[in-house]
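Input: a single structure, listed below in structure tokens.
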Amino acid sequence: MGGRDRAWVTEHFYALLRHWESITVLAPPTAPRRLVLASLQRVNGLSTRELQGLCRGDEERDWLAALAAQRLPDTPSVRAHLPEWVVSAVQEVLPEGEWQALGWALQKSAPLDLRVNLLKAERPAVLAALTAAGIAAEATPLSPWGVRVQGRPLLNRLPLFTEGWVEIQDEGSQLLAALVAPRRRDMVVDFCAGSGGKALHLAALMHNQGRLYAFDVAARRLEQLKPRLKRSGVSNLMPVVIARETDDRVRRLTGKIDRVLVDAPCSGMGTLRRNPDLKLRQTPEGLPALLDKQRHILEAAAQLVKPGGRLVYATCSLLPAENQIQAQEFSARHPEFVPLAASQVLAEQGIIVPDLEDPWLQLWPQRHGTDGFFAALWQRQG
Ligand SMILES: C[S@@+](CC[C@H](N)C(=O)[O-])C[C@H]1O[C@@H](n2cnc3c(N)ncnc32)[C@H](O)[C@@H]1O
């Protein structure tokens, strides 16, 4: 297949995943041909006549013809295009009925957001360079470092990108570094740095001074950080592969760190706009093991924070078990960590996020137009 055909298949396959809860009412998951036919008819609006040629045999043709008239059950899961267990979980934290707007917002594809790398450029210069390249873009409404690009232009050959003026990063994710708010000479740990999206941002906010350790158990992910590091001009960041959260390389820093970010491994339910397959990969049965892992990582990371220092726990999940409950349980175990109000920390930097419920930062696609994110922050007392 050529690029255009591949793009067509990807788009339609994603559409099927996004509407999985309704399409699997019409065709069983064990019948992939029928799933695709049902999706092309119900989601993409192809007529029965257009699809007849794709049918194999009379039985399939008859089934498809009958499908057009079949009504879907009016369940929350079908209405929101979310698994039943996810709808139940978000209902615990959303006002009456908002789960449906959430489901619809998660159906849309995410906008293409860039973060301006302040080590190399300012936002007006980036906007001007994009305009000069014929690409429509505007400043993001919440993040002071964000640029929202219209459409899906190929950016990775533009000097703007190769010279490290920008990184691709969702606006919501950009706000997490503002919660960490590292100062120039701080010692900072990004405990779950992955390929470094947030670590690069922290380094820029530190003006390349102080020291930033980027930990992760996945060497492959930290490896992906290297070309980004090179482009960005960041020189205060040290990637460190750790074997586990209690690794000696972690323990050596006990009580020495000013700012610790835990961008925890999570269900990723806030990123369904980009990864609709997560609806199928994540199950309620898999959740307890994930919660355990988050708890252990948070405990180990908290040990590093020095008195007066700050701890930030973040996920890209929407499930209260991974978010509010995890944070409340940590506060109960650790009275020496005092919760800080995210809205206040953001306001001090001129960032106003509407509809926050203190003390958390909870970003919702239907309210904020970002991926779903959660963050809690604490200051360690002496
Ligand atoms: C949500 S991702 C981090 C994304 C990254 N911060 C970014 O902005 O691109 C979570 C990361 O946690 C890492 N991880 C999983 N278990 C870990 C552990 N025990 N200690 C440290 N990192 C861990 C995973 O490898 C993964 O890269």
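Just so it is clear, none of the values below were taken in a lab; they were calculated from the coordinates. Predicted model, so just to flag it, every value in this text is computed and none were measured. All Cβ positions, glycine included, derive from the backbone under ideal geometry; neighbour counts span all protein chains shown.
Taking all Cα pairs closer than 8 Å and separated by 6 or more residues, the relative contact order of segment 171-380 comes to 22 percent. Other residues with beta-carbon under 15 Å from the beta-carbon of residue 157 carry, at +1 per Lys or Arg and -1 per Asp or Glu, a net charge of +1.
From the alpha carbon centroid of segment 33-49 to that of segment 303-332 is 44 Å. Would you please state which residues of segment 273-288 a label at residue 104 would reach in this model, taking the label point 7 Å out along Cα→Cβ and a backbone N cut-off of under 18 Å? Once the point is set 7 Å along Cα→Cβ of residue 104, 273 turn out to lie under 18 Å by backbone N, inside segment 273-288. The residues neighbouring residue 169, those whose beta-carbon lies less than 13 Å from its own, together hold a net charge of -1 under the Lys/Arg +1, Asp/Glu -1 convention. When the chain is described by a simple charge dipole with +1 on each Lys and Arg Cβ and -1 on each Asp and Glu Cβ, the residue from 307, 197, 23 located farthest towards its positive end is 197. When the Cα positions of 372, 343, 331 are compared along the charge dipole of segment 324-382, 331 comes out farthest toward the positive end, with charges on each C-beta of Lys, Arg, Asp and Glu.
Residue by residue, segment 350-362 carries 3J(HN,Hα) couplings of x, 9, 10, 10, x, 6, 8, 10, 4, x, 7, 9, 10 Hz when phi is fed to the Karplus relation 6.51 cos²θ - 1.76 cosθ + 1.60 (θ = phi - 60°); x denotes Gly or Pro. A 31 angstrom limit on the alpha carbon distance is what I want to check against. Which of 108/230; 198/256; 226/306; 279/306; 230/256; 120/293 exceed it? Going by Cα-Cα distance, 108/230; 279/306; 120/293 fall outside the 31 Å limit.
Descending by average beta-carbon neighbour count within 10 Å, the peptides 239-252, 86-99 line up as 86-99, 239-252, the highest first.
Each Lys and Arg Cβ is given +1 and each Asp and Glu Cβ -1; about its Cα centre, segment 1-57 then shows a dipole of about 120 debye. Once the Cα-Cα distance is subtracted from the 0.36 nm per residue extended length, the residue 252 to residue 207 segment shows a gain of 13.7 nm. Other residues with beta-carbon under 15 Å from the beta-carbon of residue 321 carry, at +1 per Lys or Arg and -1 per Asp or Glu, a net charge of -3. Once the Cα-Cα distance is subtracted from the 0.36 nm per residue extended length, the residue 7 to residue 292 segment shows a gain of 98.8 nm. When the charge dipole of segment 171-380 is built from unit charges on Cβ atoms (+1 for Lys and Arg, -1 for Asp and Glu) and taken about the Cα centre, the candidate among 215, 286, 360 whose Cα reaches farthest toward its positive end is 215. Label point of residue 69 set 7 angstrom out along Cα-Cβ; within segment 10-26, amide nitrogens under 18 Å from it belong to 26. With contacts taken as Cα pairs under 8 Å and at least 6 residues apart, the chain reaches a relative contact order of 14 percent. When each of the peptides 270-277, 126-133, 42-49, 160-167 is scored by how many other beta carbons lie within 10 Å of its residues on average, the order from highest to lowest is 270-277, 160-167, 126-133, 42-49.
Only Cα pairs under 8 Å and at least 6 apart count here; give the relative contact order of segment 1-73 as a rounded whole percent. After rounding, I find 27 percent.
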